[in-house]
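Input: a single structure, listed below in structure tokens.
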Amino acid sequence: MKFSVYGIPLFLMLLLPALFAGEENGPASLKSPDGNIEVIFSLDQQGQPVYRIVAENAEVIGPSRLGLIRADGDFSRQLTLKEASGVSPVQSQYHLLHGKKSDITYRANRRIFHLENPAQQAMEIIFQVSDDGVAFRYRFPEESGDLKKIEREISRFQLAPEGRAWIQPMSKAKTGWEHSNPSYEEHYRIGTGLDSLPPAGSGWVFPALFHTAGKWVLLSETAPDRNYCGSRLRNEAGNGLFYLDFPEAPEIFPGGVLQPHSTLPWETPWRIAVIGDLATVVESTLGTDLAEPGRIRDTEWIRPGRASWSWVLLKDDSTVFDVQKRFVDYAARMGWEYCLVDADWDTKIGYDKIAELADYAAAQKVGLILWYNSAGDWNTTPYHPRNRLLTRQDRIDEFRRLHEMGIKGVKVDFFGGDGQSMMSYYQDIFEAAAAFQLVVNCHGATLPRGWQRTYPNLLSMESIKGFEFVTFEQGNADLQPSHSAVIPFTRNVFDPMDFTPMAFSEVPNIERRTSGAFELATAIVFQSGVQHYAETPRGMARVPAFVRDFVKAIPPVWEDIRFLDGFPGQYAVLARKSGENWFIGGLNGQNQARELRLDLSVLGEGAAILITDGDNNRSFRQQTISVKKGNPLVLSLPAHGGFALRLSAAGN
């Protein structure tokens, strides 16, 4: 028998026109605009929807099941393909107030498969294929005022067992310090073979990176609304099969629902797979391309920024008026937009004195962000203010008070998981904060999943084992270099990440493994709508003036991104654009020197300021270089070292 290049029998290829019209149950296909990525969809002999993905003649996702099981109907088997729509182009343009790019155009091809189960209930599977990947979602088109419940989602991703994974385990709900998990704060498995990857007890978090069939594949989800929970991946041992799963039972707002409930019509979040080389993965905007458009009409007041923050190095005793006033002065000297006042400010400083501090900060063009504990009964953390955001009236009363005091934002911590009711609680906070012109940062939190486009006052979410963990245990500090070198390819690809980078000072009772230039580079490599810097006023005063000047010049908003070099968990070199300047950061996550040869002329030609490690990993060296075509930058990064560069480019 003769086969096509994709392994589809020739006689089935000849039947495709009829299949497209819905006269058979498969296969049917959809390609990206450039033709390099193809989705092949069919129903198997049991009426189960199945898809696979081919990229440049390589099968990156093998035959994988689709479907949903609702409490009132099974949409995973014994289905009939009633109609397959024609291919329609999709194009949208949007602007992000903060993110990896500012002005973005999304282009894809779209196809809808209209299915019906034996009870004549309808479900659609919608595919959109862009040049950088594949997205699909489910839709129930019928109308019903009764609440429907999804008990299980069947979506699967069959990867080759010989592939490798860069993937973070999900922590078990209600474990960890003061029962505060899950918080997306675990170390990654780095380059683990899928044939030896054991199933994680509570699953694996999004985004998850894989290398399979010669391609890189980043799996994630985007656009969860109030009618769905956050999902995670689970796997079967040894065979490369991953499937979607729902949160654990405790991950709910008190009295709220866990699994998806909604009236009809009903759309699920998008499941997305970025496919290509590492540049495709790092530069992709698929996670915001498919997010819901902005729901805040007036955004003129929203101010992305940089912030001083005392707690990470000075801890609880620093939350007093005099120290916070010094950190306001520090932010003003550095030209930063914010100062974060952390936990227990309500008793250690008090509302009246915070209002006084807010007035003082405003005179220096610095806004205050205040910390809150989100908690109801889902954790036992002692920090406060606590329980002041739980009801709609609580939020209105508290946020109105903050607005009248001149407060510019809130940091809300210790959330309770990914159940539908908890995902809705996040959005309650975003919307209430926007009504009183407050920006939001969430810690101890879920993955944003594109919410920063829908609610642009959401400047950042933690959802990562950030720098604060270095201050807790030496083991975290030891893993920090490789950990930092994996997250530009995973967690920080789509969504803002409050890692709280850049500490030049020594950490009390901890030996910091990263060099000074490595720490400087994290302020560029890591993206966040509000970048809370870990360094203190005293520590910043001790570094050379040219380092302080470089830090001051790092902008709060980026316009574009370029991946220049790197490998997950080993090293990363990223360029970010602001105006006529490109800022480039490089991290060496390995315990050995790394030789780099970078053609920076792809960004433009001109003069550049380069900062590298000096004679030791706590010193710095600056030089001015000229970037020209045919004259690559050759660098040797020491173990756990880095570099930062500012290029004033003529022509890009």
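Values as computed for the structure displayed
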quantity: Leading residue by the ranking (surrounded by the most Cβ atoms within 10 Å (Cβ to Cβ)) among those in the stretch 86-111 that are assigned to a strand (DSSP E or B) and polar (S, T, N, Q); calculated: Asn109
quantity: Residue in the stretch 578-594 that is surrounded by 17 or more Cβ atoms within 10 Å (Cβ to Cβ), part of a strand (DSSP E or B), at pLDDT 95 or above and over 26 Å from the mean Cα position of the chain (by Cα) present; calculated: yes
quantity: Those strands (runs of 3 or more DSSP E) lying entirely in the stretch 407-486 with at least 2 residues in contact with a strand residue (DSSP E or B) (Cβ under 8 Å, 6 or more places away or on another chain), under 27 Å from Leu218 (Cα atoms) and touching a residue at least 24 places away in the same chain (Cβ under 8 Å); calculated: 439-442, 458-461
quantity: Odd one out for Ser155 among (1) farther than 26 Å from Asp44 by Cβ; (2) of a type in the set (S, T, N, Q); (3) touching a Leu at 6+ places or on another chain (Cβ under 8 Å); calculated: (1)
quantity: Criterion: surrounded by 17 or more Cβ atoms within 10 Å (Cβ to Cβ) and either under 24 Å from Ile561 (Cα atoms) or of a type in the set (Val, Ile, Thr) (or both) - qualifying residue of Glu221, Glu292; calculated: Glu221
quantity: Checklist (1) more than 23 Å from the chain's Cα centre (by Cα); (2) surrounded by fewer than 17 Cβ atoms within 10 Å (Cβ to Cβ); (3) among the small types (Gly, Ala, Ser) applied to Ala160, failing item; calculated: (2)
quantity: Any hit, the stretch 264-277, residues being assigned to a loop (DSSP other than H, G, I, E, B), among the charged types (D, E, K, R) and surrounded by fewer than 22 Cβ atoms within 10 Å (Cβ to Cβ); calculated: yes
quantity: Selected residue (only one of Asp599, Asp560, Asp549 is of a type outside the set (Ser, Thr, Tyr) and without any contact (Cβ under 8 Å) to a residue 24 or more places away in the chain); calculated: Asp549
quantity: Residue under evaluation Pro17, criteria (1) in contact with a Leu (Cβ under 9 Å, 6 or more places away or on another chain); (2) at pLDDT below 95; (3) not small (Gly, Ala, Ser), criterion not met; calculated: (1)
quantity: Within the stretch 172-251, strands (runs of 3 or more DSSP E) holding 1 or more residues that are among the charged types (D, E, K, R), in the same structural domain as Glu56 (by TED's automatic domain parsing) and farther than 30 Å from Glu431 by Cβ; calculated: 189-193, 215-222, 232-235
quantity: Subset tally (residues that are touching a helix residue (DSSP H, G or I) at 6+ places or on another chain (Cβ under 6 Å), loosely packed, with under 13 Cβ neighbours inside 10 Å and of a type in the set (Lys, Arg)) for the stretch 350-403; calculated: 0
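The values are calculated or read from the model by the stated rules, or taken from the named source; none is laboratory data. Please read these numbers as outputs of a predicted model, since none were measured by experiment. Don't worry about glycine lacking a Cβ; one is built from the backbone with ideal geometry, like all the others, and counts go over all protein chains shown.
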